[in-house]
Amino acid sequence: MSMYPQVQERVQHEIADVIGSGRRIEFKDKSRLTYTEATVLEVMRMTTIAPFALPKLTVKDTTLKGYDIDKETVVFFNLHSISYDKEFWGDPQTFRPERLIDANNKLNLEKCNRILPFGLGRRRCVGEFLARMEQFLLFANVIRRCRFSKPAGESYDMEPDPGLVYSPKAFCVVVEERQ
(Lines give C-alpha, C1' and ligand atoms only; values in the text may rest on other atoms or scores of the structure.)
Protein backbone atom coordinates (compact mmCIF):
# COMPACT_ATOMS: atom_id res chain seq x y z
CA MET A 1 0.00 0.00 0.00
CA SER A 2 2.98 2.29 0.49
CA MET A 3 3.60 2.01 -3.24
CA TYR A 4 -0.01 2.86 -4.13
CA PRO A 5 -1.23 5.52 -1.67
CA GLN A 6 -4.29 6.33 -3.78
CA VAL A 7 -5.43 2.69 -3.56
CA GLN A 8 -4.76 2.67 0.19
CA GLU A 9 -6.86 5.82 0.61
CA ARG A 10 -9.71 4.43 -1.47
CA VAL A 11 -9.76 1.22 0.62
CA GLN A 12 -9.77 3.27 3.82
CA HIS A 13 -12.65 5.44 2.54
CA GLU A 14 -14.66 2.37 1.53
CA ILE A 15 -14.20 0.82 4.97
CA ALA A 16 -15.18 4.07 6.69
CA ASP A 17 -18.27 4.50 4.48
CA VAL A 18 -19.48 0.88 4.71
CA ILE A 19 -18.43 -0.17 8.23
CA GLY A 20 -17.78 3.06 10.12
CA SER A 21 -15.49 3.10 13.11
CA GLY A 22 -17.61 1.52 15.85
CA ARG A 23 -16.65 -2.13 15.42
CA ARG A 24 -14.09 -4.53 14.00
CA ILE A 25 -14.43 -5.70 10.44
CA GLU A 26 -15.84 -9.23 10.27
CA PHE A 27 -15.83 -11.81 7.51
CA LYS A 28 -19.53 -11.19 6.88
CA ASP A 29 -18.56 -7.65 5.76
CA LYS A 30 -16.44 -8.95 2.87
CA SER A 31 -19.26 -8.91 0.30
CA ARG A 32 -19.93 -5.23 1.08
CA LEU A 33 -16.27 -4.19 0.77
CA THR A 34 -15.87 -4.77 -2.95
CA TYR A 35 -12.89 -2.49 -3.56
CA THR A 36 -11.11 -3.81 -0.46
CA GLU A 37 -11.58 -7.41 -1.66
CA ALA A 38 -10.49 -6.45 -5.19
CA THR A 39 -7.33 -4.92 -3.72
CA VAL A 40 -6.51 -8.12 -1.80
CA LEU A 41 -7.09 -10.16 -4.97
CA GLU A 42 -4.97 -7.83 -7.11
CA VAL A 43 -2.13 -8.16 -4.60
CA MET A 44 -2.41 -11.95 -4.85
CA ARG A 45 -2.47 -11.75 -8.67
CA MET A 46 0.63 -9.61 -8.89
CA THR A 47 2.65 -11.28 -6.16
CA THR A 48 2.40 -14.93 -7.02
CA ILE A 49 4.38 -16.72 -4.31
CA ALA A 50 4.42 -20.15 -5.92
CA PRO A 51 4.94 -19.70 -9.67
CA PHE A 52 3.97 -23.32 -10.39
CA ALA A 53 1.22 -25.51 -8.96
CA LEU A 54 2.17 -28.92 -7.63
CA PRO A 55 2.91 -31.34 -10.47
CA LYS A 56 0.09 -33.45 -11.88
CA LEU A 57 0.27 -36.75 -13.77
CA THR A 58 -1.92 -37.33 -16.80
CA VAL A 59 -4.16 -40.40 -16.47
CA LYS A 60 -4.65 -40.97 -20.19
CA ASP A 61 -3.29 -39.87 -23.55
CA THR A 62 -4.58 -36.35 -24.10
CA THR A 63 -4.50 -33.59 -26.69
CA LEU A 64 -4.48 -30.02 -25.41
CA LYS A 65 -4.55 -27.11 -27.87
CA GLY A 66 -2.98 -29.27 -30.56
CA TYR A 67 -0.29 -30.77 -28.32
CA ASP A 68 -0.23 -34.51 -27.64
CA ILE A 69 0.40 -35.36 -23.99
CA ASP A 70 1.11 -39.01 -23.27
CA LYS A 71 -0.42 -40.91 -20.36
CA GLU A 72 1.64 -40.59 -17.15
CA THR A 73 3.32 -37.36 -18.25
CA VAL A 74 4.18 -34.95 -15.42
CA VAL A 75 2.42 -31.62 -16.02
CA PHE A 76 3.02 -28.31 -14.24
CA PHE A 77 0.54 -25.41 -14.28
CA ASN A 78 2.39 -22.12 -14.64
CA LEU A 79 0.36 -19.97 -12.23
CA HIS A 80 2.61 -16.97 -12.79
CA SER A 81 1.87 -16.92 -16.53
CA ILE A 82 -1.88 -16.98 -15.81
CA SER A 83 -1.52 -13.93 -13.56
CA TYR A 84 0.52 -12.07 -16.19
CA ASP A 85 -1.33 -13.07 -19.38
CA LYS A 86 -1.38 -9.86 -21.46
CA GLU A 87 -4.17 -11.15 -23.67
CA PHE A 88 -6.49 -11.57 -20.70
CA TRP A 89 -5.36 -8.79 -18.31
CA GLY A 90 -4.32 -6.16 -20.87
CA ASP A 91 -1.77 -4.47 -18.61
CA PRO A 92 -0.76 -7.18 -16.13
CA GLN A 93 2.28 -5.25 -14.83
CA THR A 94 -0.02 -2.45 -13.59
CA PHE A 95 -1.51 -2.67 -10.10
CA ARG A 96 -5.17 -1.85 -10.70
CA PRO A 97 -7.78 -3.37 -8.32
CA GLU A 98 -10.68 -1.83 -10.26
CA ARG A 99 -9.97 -4.27 -13.10
CA LEU A 100 -11.71 -6.88 -10.92
CA ILE A 101 -14.92 -4.87 -10.41
CA ASP A 102 -17.81 -4.84 -12.87
CA ALA A 103 -20.21 -1.99 -13.77
CA ASN A 104 -22.52 -3.00 -10.89
CA ASN A 105 -19.73 -2.61 -8.30
CA LYS A 106 -19.51 -6.38 -7.85
CA LEU A 107 -16.47 -8.58 -8.27
CA ASN A 108 -16.03 -9.84 -11.84
CA LEU A 109 -15.98 -13.58 -11.18
CA GLU A 110 -14.44 -14.46 -14.54
CA LYS A 111 -11.41 -12.35 -13.69
CA CYS A 112 -11.31 -13.31 -10.01
CA ASN A 113 -11.33 -16.99 -10.95
CA ARG A 114 -8.09 -16.43 -12.91
CA ILE A 115 -6.25 -15.54 -9.71
CA LEU A 116 -4.91 -18.88 -8.50
CA PRO A 117 -2.46 -18.45 -5.62
CA PHE A 118 -3.74 -21.66 -4.01
CA GLY A 119 -3.50 -23.80 -7.12
CA LEU A 120 -6.46 -25.34 -8.94
CA GLY A 121 -8.39 -28.54 -9.31
CA ARG A 122 -9.08 -31.23 -6.77
CA ARG A 123 -5.64 -30.91 -5.23
CA ARG A 124 -5.67 -27.17 -4.60
CA CYS A 125 -4.59 -26.01 -1.15
CA VAL A 126 -6.94 -27.44 1.48
CA GLY A 127 -6.46 -24.33 3.63
CA GLU A 128 -7.55 -21.93 0.89
CA PHE A 129 -10.83 -20.83 2.50
CA LEU A 130 -9.22 -20.21 5.89
CA ALA A 131 -6.26 -18.41 4.29
CA ARG A 132 -8.51 -16.14 2.21
CA MET A 133 -10.66 -15.34 5.22
CA GLU A 134 -7.68 -14.53 7.45
CA GLN A 135 -5.96 -12.55 4.72
CA PHE A 136 -9.03 -10.39 4.15
CA LEU A 137 -9.63 -9.80 7.86
CA LEU A 138 -6.00 -8.99 8.58
CA PHE A 139 -5.66 -6.63 5.63
CA ALA A 140 -8.97 -4.81 6.22
CA ASN A 141 -8.51 -4.37 9.97
CA VAL A 142 -4.88 -3.25 9.70
CA ILE A 143 -5.45 -0.86 6.76
CA ARG A 144 -8.33 0.70 8.66
CA ARG A 145 -6.05 1.56 11.58
CA CYS A 146 -2.70 2.20 9.87
CA ARG A 147 -1.23 4.26 7.04
CA PHE A 148 1.68 2.82 5.09
CA SER A 149 4.16 5.04 3.24
CA LYS A 150 7.60 4.94 1.66
CA PRO A 151 10.45 6.49 3.61
CA ALA A 152 12.13 9.40 1.83
CA GLY A 153 14.56 8.14 -0.78
CA GLU A 154 13.28 4.55 -0.67
CA SER A 155 12.61 2.80 -3.98
CA TYR A 156 10.90 -0.54 -4.38
CA ASP A 157 11.89 -3.33 -6.73
CA MET A 158 8.77 -5.45 -7.14
CA GLU A 159 10.48 -8.21 -9.11
CA PRO A 160 10.64 -11.26 -6.83
CA ASP A 161 13.76 -13.17 -6.01
CA PRO A 162 13.24 -16.29 -8.16
CA GLY A 163 13.21 -19.82 -6.87
CA LEU A 164 10.85 -22.67 -6.17
CA VAL A 165 8.96 -20.08 -4.12
CA TYR A 166 9.19 -16.37 -4.95
CA SER A 167 10.42 -14.04 -2.21
CA PRO A 168 10.22 -10.24 -2.06
CA LYS A 169 13.37 -8.17 -2.05
CA ALA A 170 14.18 -6.29 1.17
CA PHE A 171 12.40 -2.97 1.60
CA CYS A 172 11.54 -0.37 4.25
CA VAL A 173 8.11 1.04 5.00
CA VAL A 174 6.73 3.61 7.45
CA VAL A 175 3.67 2.48 9.39
CA GLU A 176 1.70 5.14 11.26
CA GLU A 177 -1.44 4.79 13.29
CA ARG A 178 -4.39 6.61 11.71
CA GLN A 179 -6.43 8.98 13.82
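When residue 62 is tested against (1) at pLDDT 90 or above; (2) more than 20 Å from residue 35 (Cα to Cα); (3) touching a Phe, Trp or Tyr at 6+ places or on another chain (Cβ under 7 Å), exactly one condition is not met: (3). Of the residues making up the stretch 88-147, those that are in contact with a Cys (Cβ under 7 Å, 6 or more places away or on another chain) and assigned to a loop (DSSP other than H, G, I, E, B) are 118, 119.
The C-beta contact set for the stretch 40-56 (first residue surrounded by 18 or more Cβ atoms within 10 Å (Cβ to Cβ), second residue assigned to a helix (DSSP H, G or I) and aromatic (Phe, Trp, Tyr), distance under 7 angstrom, 6+ apart or interchain) comprises 40/136; 40/139. Within the stretch 115-134, restricting attention to residues that are in contact with a helix residue (DSSP H, G or I) (Cβ under 6 Å, 6 or more places away or on another chain), surrounded by 15 or more Cβ atoms within 10 Å (Cβ to Cβ) and touching a residue at least 24 places away in the same chain (Cβ under 8 Å), the residue that is nearest to residue 17 (Cα to Cα) is 115.
When residue 153 is tested against (1) more than 17 Å from the chain's Cα centre (by Cα); (2) on the phi < 0 side of the Ramachandran plot, just one condition goes unmet, and that condition is (2).
The set of residues in the stretch 164-174 that are surrounded by 12 or more Cβ atoms within 10 Å (Cβ to Cβ) and either assigned to a strand (DSSP E or B) or without any contact (Cβ under 8 Å) to a residue 24 or more places away in the chain (or both) comprises 171, 174.
Could you figure out which of (1) among the hydrophobic types (A, V, I, L, M, F, W, C); (2) closer than 21 Å to residue 9 by Cβ; (3) touching an Asp or Glu at 6+ places or on another chain (Cβ under 9 Å) isn't true of residue 118? Single failed check for residue 118: (2). Scanning for something among the aromatic types (Phe, Trp, Tyr), loosely packed, with under 15 Cβ neighbours inside 10 Å and not in a helix (DSSP H, G or I), does the stretch 148-163 turn up at least one residue? For the stretch 148-163, residues among the aromatic types (Phe, Trp, Tyr), loosely packed, with under 15 Cβ neighbours inside 10 Å and not in a helix (DSSP H, G or I): present. Scanning the stretch 65-76 for residues that are part of a strand (DSSP E or B) and either touching a Phe, Trp or Tyr at 6+ places or on another chain (Cβ under 9 Å) or surrounded by fewer than 12 Cβ atoms within 10 Å (Cβ to Cβ) (or both) yields 67, 68, 74.
The values are calculated or read from the model by the stated rules, or taken from the named source; none is laboratory data. None of the values given here were measured: they were computed from a predicted structure. Positions of Cβ are generated from backbone atoms using ideal geometry, with glycine treated the same way; all protein chains shown enter the neighbour counts.
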